[in-house]
Amino acid sequence: MNSADLHLHTNFSDGTYTPEELTGRARQLGLAAVALTDHDTVEGCTRMAAACAAAGLEFIPATELTAEFDDNELHLLGYFVDTGNQTLLTEMVRFQKVRQDRVREMVARLNQLNIPLEADAVFALASCRSPGRPHVARALVMGRFCSSPDEAFERFLKKNRPAWVPKFKISALDAIALIHQAGGLAVMAHPGLNRTDGIIPDLVEAGLDGLECFHTKHTPSTSEHYVRIAKEFNLAITGGSDCHGLSKGKPLIGTVRLPYEYVEQLQARSRSKRSRAPAPRPALRAPH
Ligand code: AMP
Ligand code: ZN
Ligand code: FE
Ligand code: FE
């Protein structure tokens, strides 16, 4: 049966594979469709789209935005966003600046702990506009300050550890609106990791389009639980591995396989939403 992996990261955020490498893996695994969901960026989508076209794979441009609702962090996936949408791109530049400043702040805290890591070492290693804690963790390993990224998170980077820095997050309602104005569908990522089911009705009210029911960190019963909720609220059902390449040992791509019928349902939702969207206003004529 055809299947898809709709949650993947490349080295345009905190994954290790290039878009071409990731596409190569997807092809080897026999996936029919993939989506690229890099954190707070869509920069990798052009290359991934080209690689997928060459490999005969269906590609869905997407992103994963870090957002918050009632002090809960949650991740919103935006599927089928227009990757040239100016408002989306402008907001993403802002999120990326927050990420870069946060890396500097985390490094400053590490320096106070007598760990002489340099921010430039993290930026060189990340080599992207959307750096995050996994890059700081890898830099700590490269500098031999920690023996593994997991140790780096445990000792320094996890919430409330000494080098943890809170991150500005867009409100979930604004994130949904941002995705919608870019022509996309807003899907709550890995709800089982947040365990904040109580906010789902509010997000649905704000226009949430789907729930990521299938995810590496969901048990079968967690997935069933969210499939039930998705059906109750008439939400799209999506799923993906959240593969970050080789950064977490074995690559996860293809370990969560979304039956292709859900991809078709997502496409249908996207089409019907776009056809209902108001037509772009004609450009104003200059007065004679
Ligand atoms: P950031 O967006 O910079 O806050 O980093 C979040 C990323 O860090 C997520 O994509 C996770 O994959 C990764 N991450 C979060 N917590 C841990 C942890 N305890 N160990 C390893 N990776 C983690
Ligand atoms: Zn990530
Ligand atoms: Fe996430
Ligand atoms: Fe992710």
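Observations
- Relative contact order (%) - criterion: Cα under 8 Å, at least six apart; region: the range 71-156: 21 percent
- Cα-based equivalent ellipsoid, the chain: semi-axes from gyration tensor eigenvalues, Å: 31, 22, 20
- Positive-end extreme of charge dipole, the range 133-288 - chosen from His218, Ile199, Ala163 (charges on Cβ): Ala163
- Here the range 25-64 and the range 210-281 have alpha carbon centers that stand 15 Å from each other.
- Exposure ranking of Lys273, Lys217 by accessible area [1.4 Å probe, largest first]: Lys217, Lys273
- Structural size metrics of the range 159-272, computed from C-alpha coordinates, are Rg and Dmax of 15.2, 48 Å.
- Each Lys and Arg adds +1 at its Cβ and each Asp and Glu adds -1 at its Cβ; summed about the Cα centre, the range 78-195 shows a dipole of about 320 debye.
- Highest mobility in the GNM of the chain, judged by mean-square fluctuation with C-alpha springs under 10 Å and restricted to Leu36, Leu266, Leu117, is found for Leu117.
- For the chain: relative contact order, % (alpha-carbon pairs under 8 angstrom, 6 or more apart): 22 percent
- Beta bridges per DSSP with both ends in the chain, % antiparallel, nearest 5: 45 percent
- Heavy-atom surface of the range 134-202, accessible at 1.4 Å and reported per residue (Å²): 44 Å²
- Relative contact order (%) - the range 1-145, alpha-carbon pairs under 8 angstrom, separation at least six: 22 percent
- The charge dipole of the range 215-268, taken about its Cα centre with unit charges on the Cβ atoms of Lys, Arg (+1), Asp and Glu (-1) only, comes to about 260 debye.
- Size of charge dipole - the chain - debye, nearest 20, with Cβ of Lys, Arg +1 and Asp, Glu -1, no other charges: 380 debye
- Farthest toward positive dipole pole in the range 15-171 [+1 Lys/Arg, -1 Asp/Glu at C-beta], among Met106, Pro19, Thr41: Met106
The values are calculated or read from the model by the stated rules, or taken from the named source; none is laboratory data. All values reported here derive from a predicted model rather than from experimental measurement. Here the Cβ is made from the backbone with ideal geometry for all residues, glycine too, and neighbour counts use every protein chain on show. Surface areas here come from the heavy atoms of the whole protein model, side chains and all, with no ligands, DNA or RNA. Shrake-Rupley method; radii C 1.70, N 1.55, O 1.52, S 1.80 Å.
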